[in-house]
Every structure is written in C-alpha cells, then in structure tokens.
C-alpha cells in the first residue's frame, strides 16, 4: 500500500512538472532580455513596467472579467431554475434539457460564434449588439459544464431524499430546492464554475469572431502585443495568468467561508 | 390547476436562451449550407461536394480528425494516471495538483501557442540550445506542423480531462478494493476487472469532450500558423472572417460537416454508456 502511495505521488509530481514547464519558461522569458543559450541573460522588469503603465491593458482586463462573470452568474441561475422544474416536477423532461445542454459540445470552438455571427449581424437592434451576442454565446458555451456540475451534484447528495425530508418538515418544494439543496450543491458546482471561468477567460476565438476590434479583451490585447515583442507578450501572459489565479483563489476562499458558516 | 403550473415559468429563461443562441443559429447555418453560393434561395449539394472533392479540404478533414483523436487518447491516458493517483493519495499534494490543473486549464489558446513558440519556435530557447549543442531533434523541432500542433493540443487536453475524471473516481469504493484483495485479486486485476469497467462511462464521455474540444479548437492553431494549416476550424473561419473572399454558404457546409463529426462522437459515447448501463 505504501509503494502504491509513493508511485501515486510520483505520478502527480511528474504531471505537475510537465504542465508547469511551458509556464515557467514563459515567466523566465519575460524577465530577461536575452535567452539563446541554456541560461538567460540580463535580468529586467521593463516588460512588466511597460504593461502596468499601459491603461489600455487594464481596461482590457476589466472587460475580460466583466464578460466572464456576467454569463457565468446568469447561466448558473438559468440552469438552476430549469433543473428545479425537471428535477422536482417533470423528471421525464430532463432528457430534453440534457440534449439542449449537450448540443454546445457539437458547436463549440469556432462553430457557434460563426453560426451566431452569420445569423445576427443583419438583424435589427438590440439583437445585433456585439456585447449582447458575446454574453449570450458565452452562456451557451458554458452551459454543458454548468448543467453537468449541477446535475452530478444533485444526484451526488441525493437531493430527492433531502427534498422529501424538508417537505415533511413543512418546507415548500421551492424552499427545499433553493434554500436547502442549492446551498449544499454549490460547493461542487464551484468546480464547474471555475472551469467555465477558465474557458471564457482564455477565450480568443469567440471574442475575435463576434466582437473583433469592437471589444478588446485581454486575449485580444495579447494577440496584438504578440506581433510586437516576444518579451512583452510573455509578461502579458504571466500577468493574465496571475489574475486568473487570483479569481480562483477568491472562489476557493468564498467556498471555504461558506462551508465554515454552514 | 393553473396555479399549480406556475413552476413552469422557471423553465422559460433556459428555453429562450437555447432557442435564440443555440437552435436558431444552427438551423439557419444548416439550411444555408444547401443554398447555392452567392444566391439567396435555392437548393444544391454543391457546397458539400466541394468539401469532399477538393484536396485542400480533404486534407483539412484528415488533419483535424487525426490531431483530435490522437490528442484525446494521449490526454486521456495521462488523465487516468493523474486521477487515479489523486484517488489513491489523500493530502496536501492533491490540493496543489487540483489548483494547478485549474490554473493551467486556463493556459490554452494564444498564450499556450506562444509558450511553445518561445520554446520550440524558429528562435526558441530549446531550438537554440539544440543547434548550439548539436542536438538535432531540438534544433529541427517540427513545431510549425501538424505534429507541433499535436504537442500543443495534448497539453491543453490534460488539465481538462483530469478535472473531468477526478470526480468519477469517487464512485470507486474502498470496500470493493478490500473485497478484491480478500478474493485474491491484485491491484492490477482491480483496475482491469472492476475499476476501469465502472469508470468506462466517465472515460468515454470524457473522450467525447476531448475529441470535440480538439476538433473545434482554433486559437492555438491560428496563433501558431495563422491560416497556413489545413484544419477544419481554420478553413471554416476564413469563409466568414478575414482577407479572403467571404463564402458564407460554402462555410456553412464546412460548419455542418464539423457538427456532424462531433455529433457522431457524442452519439457513439451515448450508445456505449447506455450499453454499460444494462
């Protein structure tokens, strides 16, 4: 059993190393003027100073956060509402919900934004508003992850029995679902939410297709810098990465706090 | 009776979203793929015939399928090892691993492609080290090719697949392992006879997620090779956006071909999962 544990630890460490190498290389590259041999030369923070003093960069980061958070909140609420109906009242409808939540798999990546773009560019306001299109498309993109997260967790905690118990104690179905079951599954759903956040935060294709130059997110900023300077590009990548890390840390923190309160 | 049905209102936002931004765009694209190029109305199979008869697009199909299947399989193998390790060792390292997986799942698309460019690109660090010390493999690393892309695709498949597989391992109970040991089974027989069969639905559904993820991936390929690589998503996008003459009807047909490939993957997975359920 002990050797088993050791090999498990080793496997994890090897995968971690593999996943971190490109990141670490990017970090080092952003900190040195020249790297053409084993060791990089001439340490500098110039690339970071340039980015931090660039207002355009900060505005684009703000846009990215806004455009990630809004669709995630809306999508989670919408799916919870739909699951309230199918889980408690109409279990036979769940398969249709599931189909609707599986379709985004079939149109992910470049396909959905192209379909949306082809359809909505020629329709009247407000449907051709780029931000509106972007938020709605993001909601569809993260739908499978949010749905699956919520569904798995509902089954995982045995929500049916909890609702029955709550009803026996006099709670309404609505109360039982949203005040008893939902707070209990949100911990598990946070994983889906974080996955969604990662997807939208790292998105280039959807924003590039739907908004083009009209809505410069951090990824679009990055793509612009890429054509100019390698070192600065690496610095932007690292900064964006740290921001994502901060968001994840916040999510974990909120999650833990809720757990303590409960 | 009417009063009791009020709960149905809760379904409306979901339906509106799905109809407006999922169903109608897909139906519109599908219908348009049968319209002759440059016309508003009509019916033709010409767009589809063009995709499957022109070498340029045939190559895109082959490359896309190859890179998607290979990267999914490799990603899944690594994910299985990783998720199994998490399942078997509880503790701090697991938390670190989970955090890193969440972290690097954001590391895809343009940033990832650029990280590989600085490592293995024309003037990349590894490439320079390779040529300085006569390591042929590094000096001539084929990053700007389908194989280079495969390397990048495998990287972004690993965090996603591991994050999807880890929860599945919760289904494996300690008691089963003990029963297996009591009946004389080894660790190997446990996984081949009990563990993997139980996890199979999760493994297959993860595969389908990975396959679709790779098949429609665009940003990494675009950042690395612009439009100079024959992949379906690149060919699709260039019909609608960019410098080339826009061909929305032909592009719609490419979109439909891509969708069909992904539906096949999802259907195969569903079928296998159902069989396992019986």
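Of the set (1) farther than 17 Å from residue A:26 by Cβ; (2) touching a residue at least 40 places away in the same chain (Cβ under 8 Å); (3) within 11 Å of chain A (Cβ to nearest Cβ), all apply to residue B:133 but (2).
To keep it simple, each residue is scored yes or no on (1) within 9 Å of another protein chain (Cβ to nearest Cβ); (2) surrounded by fewer than 11 Cβ atoms within 10 Å (Cβ to Cβ).
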residue: B:12; (1), (2): yes, no
residue: B:25; (1), (2): yes, no
residue: B:36; (1), (2): no, no
residue: B:39; (1), (2): no, yes
residue: B:46; (1), (2): no, no
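Scanning segment B:130-148 for residues that are in a helix (DSSP H, G or I) and touching a helix residue (DSSP H, G or I) at 6+ places or on another chain (Cβ under 6 Å) turns up B:130, B:131, B:138, B:139, B:146. Just wondering, is there one or more residues in segment B:175-192 that are closer than 30 Å to residue A:197 by Cβ and either more than 7 Å from chain A (Cβ to nearest Cβ) or not in a helix (DSSP H, G or I) (or both)? Looking through segment B:175-192, none of the residues is closer than 30 Å to residue A:197 by Cβ and either more than 7 Å from chain A (Cβ to nearest Cβ) or not in a helix (DSSP H, G or I) (or both). Here residue A:5 meets the list (1) within 29 Å of residue A:217 (Cα to Cα); (2) facing chain B (nearest Cβ under 10 Å); (3) in contact with a helix residue (DSSP H, G or I) (Cβ under 7 Å, 6 or more places away or on another chain) almost entirely, failing just condition (1).
Scanning segment B:75-85 finds no residues that are within 14 Å of another protein chain (Cβ to nearest Cβ) and within 25 Å of residue B:248 (Cβ to Cβ).
Yes/no per residue for (1) within 21 Å of the chain's Cα centre (by Cα); (2) in a helix (DSSP H, G or I); (3) crowded, with 20+ Cβ neighbours inside 10 Å:
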{"site": "B:201", "(1), (2), (3)": "yes, yes, no"}
{"site": "B:217", "(1), (2), (3)": "yes, no, yes"}
{"site": "B:229", "(1), (2), (3)": "yes, no, yes"}
{"site": "B:237", "(1), (2), (3)": "yes, yes, yes"}
{"site": "B:243", "(1), (2), (3)": "no, no, no"}
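A residue that is out of contact with any strand residue (DSSP E or B) (no Cβ under 8 Å at 6 or more places or on another chain), closer than 17 Å to residue B:97 by Cα and touching a residue at least 40 places away in the same chain (Cβ under 8 Å) occurs nowhere in segment B:138-152.
When A:61, A:56 are checked against the criterion of being closer than 27 Å to residue B:96 by Cβ, more than 10 Å from chain B (Cβ to nearest Cβ), in contact (Cβ under 8 Å) with a residue 40 or more places away in the chain and in a helix (DSSP H, G or I), A:61 stands alone in meeting it.
Every number here is computed from the coordinates shown, using simple stated rules; none is lab data. Computed from a prediction, not measured in an experiment: that's the story for all the values here. Backbone-built Cβ (ideal geometry, glycine too); neighbour counts: all protein chains shown.
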